[in-house]
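Below is one structure, written out as structure tokens; comments come after it.
The values are calculated or read from the model by the stated rules, or taken from the named source; none is laboratory data. This one's a predicted model, so the numbers in the text were calculated from it and none came from an experiment. Ideal geometry is used to build each Cβ from the backbone, glycine not excepted, and the neighbour counts take in all protein chains shown.
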Amino acid sequence: MVSAAHAVVPNLQRLAIVGDRWEIQTAFRHFKEEIPTATTGLEIIDLVGLPMRELRKRVAGLPPHTAIAYTSIFSDGEGTSYPPIDALGYLAQAANRPIVVAAETFVGPGGIGGYVLTPSALGDEAADLALRILGGENPSVIPVSAGNVVRPIFDWRQLHRWGVSESQLPEGSEVRFRELTAWERYRWQLTAIVIGLLGQSAIISWLLMERHRRRAAELESRHRSLEIMHLSGTAEAGALSASFAHELSQPLASIMINAETAERSLVAEPANVDRVSELLGDIRQADQHAIEIISHVKKLLKRRSEVEAQELDLNKAIADAMQILSPEAKKRHVTLRTIGIKQPLPVRADSIHLLQVILNLARNGMDAMTSIAPDARRMDIQTVLLGETTVEVSVSDSGIGIPEHKLGEIFDTFYTTKEAGTGLGLSIARTIVETYGGKIWAENRAEGGAVFRFTMPLIHRSPL
């Protein structure tokens, strides 16, 4: 008990001994004679034989560096009887120091433990001896054995109460009543939860990676689409270059003629200043017309790295397209006109992209009219409202139409019926329209020819 007290109370200085009077104890009566030698260097606090009331007060006020050694109490000094386990429980409730015990039955009711006598081990050894004798072995030749019935056993709850580390206990100590951790109690459940969480984390990580890859692929696809749109615009400008050159020659020739006339007017006697002023106005108008033609070419050739969506008037985009298409229409003997809504049609798109769509559709229509008589070549660009939120643009021609079984394929990439065609024009038109939230399709007209239609969402403004 003293060894156990040293283990659970570092720097032990005092040992308080609690139990029945020595003369009425049986198992622990010899302790009285062993105390002087077993407790050398320790102060002994003798609490043997005290009434329970007094005993509880004393164990509640013990000084530091003290351990309590409990033998057993069957009755206190006032004659009250107790089962020793109950008496130990009463003491433990009031004690301010750990209680060292010497019997296994006292580990649990309140004792911190110690080198305790284990009745089950004692009974096993006694039973072994009895069986040997019953088996015919002469008792006189059976050697006396001390046995292994005293073992270091401690209560985990009391260790925790008094802040005693298991590393302080004697080697080979058994710790009982240990409270299982959540992991020890629910190991399989927690393992299943962890596996589930790891599985979910893996799935989420995979989904995030796939999302990143898909986003990267979409950006790459968008970049490629922009490149193709730019190339298409460049090709469109190339195809219209002859018409642009012809159209540009007119204002340039006008500028030259007016400049020469102005020079003659200035050197005349007298100088015709009014005529010169009139000619300068004509030169200014011709110059502005040339600038507009060059501006349209620059727009088609302008390289874009990103979509520049902004609010614009769809009618303005159609007017720009008409100005670009007019020379080509004259050259091909095509009657070109616009029909539809005159009020502003606000949409959100890139002006150059929208211009490309109209030019692509119109040039496809002009190509379809090559084989018909010049006086029958007509093209209309028309706008209509579909409800309050959508506008539809149609580009119709009087050409040969589209084979019915090909109507669903003409917007596919690389699909073309022209010998020198790339198959990209209508595919790019579809990409542009769908990028800005619209739809595009083609139909054959009952009176002959084809019509290409596309829709765009209108910018809706709430009334103030």
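Overview of results
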read-out: Sole residue being at pLDDT below 90 and under 42 Å from the mean Cα position of the chain (by Cα), chosen from K299, K331; value: K299
read-out: Cβ-Cβ under 6 Å pairs, at least 6 apart or on other chains, segment 361-386 side outside any helix (DSSP H, G or I), far side surrounded by fewer than 17 Cβ atoms within 10 Å (Cβ to Cβ) and at pLDDT 90 or above; value: R377/H333; R378/T335; D380/R337; D380/I339; I381/T338; Q382/I339; V384/E392; L386/E392
read-out: Residue match in segment 83-91 (condition: farther than 14 Å from F154 by Cβ, within 58 Å of the chain's Cα centre (by Cα) and in contact (Cβ under 8 Å) with a residue 60 or more places away in the chain); value: no
read-out: Filtered residues of segment 5-29 (kept if under 17 Å from G114 (Cβ atoms) and either surrounded by fewer than 14 Cβ atoms within 10 Å (Cβ to Cβ) or of a type in the set (D, E) (or both)); value: P10, A27
read-out: Residue selected from segment 171-191 under the condition of a type in the set (K, R) and more than 15 Å from P152 (Cα to Cα), by the criterion surrounded by the fewest Cβ atoms within 10 Å (Cβ to Cβ); value: R185
read-out: Number of positions in segment 307-328 that are surrounded by 18 or more Cβ atoms within 10 Å (Cβ to Cβ) and either over 20 Å from H460 (Cα atoms) or at pLDDT below 85 (or both); value: 7
read-out: Filter pass, A127 being surrounded by 13 or more Cβ atoms within 10 Å (Cβ to Cβ) and hydrophobic (A, V, I, L, M, F, W, C); value: no
read-out: Count - residues of segment 327-360 that are in contact with a strand residue (DSSP E or B) (Cβ under 8 Å, 6 or more places away or on another chain) and either assigned to a loop (DSSP other than H, G, I, E, B) or within 13 Å of G399 (Cα to Cα) (or both); value: 7
read-out: Test result for G423, modelled with pLDDT under 90, of a type outside the set (S, T, Y) and on the phi > 0 side of the Ramachandran plot; value: yes
read-out: Within segment 156-259, helices (runs of 4 or more DSSP H) holding 2 or more residues that are at pLDDT 75 or above and within 29 Å of the chain's Cα centre (by Cα); value: 187-239
read-out: Unique match (being under 60 Å from the mean Cα position of the chain (by Cα) and not hydroxyl-bearing (S, T, Y)) among P119, P98, P51; value: P98
read-out: In segment 64-109, residue surrounded by the most Cβ atoms within 10 Å (Cβ to Cβ) [restricted to those that are among the aliphatic types (A, V, I, L, M) and touching a Phe, Trp or Tyr at 6+ places or on another chain (Cβ under 6 Å)]; value: V101
read-out: Residues located in segment 255-277, provided they are surrounded by fewer than 15 Cβ atoms within 10 Å (Cβ to Cβ) and charged (D, E, K, R); value: E260, E263, R264, E269, D274
read-out: Residues of segment 67-111 that turn out to be closer than 24 Å to G41 by Cα, β-branched (V, I, T) and assigned to a loop (DSSP other than H, G, I, E, B), as a count; value: 1
read-out: Flag if G147 is at pLDDT below 90, in contact with a Leu (Cβ under 9 Å, 6 or more places away or on another chain) and under 24 Å from V100 (Cβ atoms); value: yes
read-out: Leading residue by the ranking (nearest to A95 (Cα to Cα)) among those in segment 134-174 that are in contact (Cβ under 8 Å) with a residue 40 or more places away in the chain and of a type in the set (A, V, I, L, M); value: L159
read-out: Qualifying residue in segment 260-278 (condition: outside the structural domain of L426 (by TED's automatic domain parsing), among the basic types (K, R) and modelled with pLDDT of 75 or more); value: yes
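Rundown of residues vs (1) polar (S, T, N, Q); (2) modelled with pLDDT of 95 or more, yes/no style:
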residue	(1), (2)
W22	no, no
T37	yes, no
T40	yes, no
M52	no, no
P63	no, yes
P84	no, no
P98	no, yes
A103	no, no
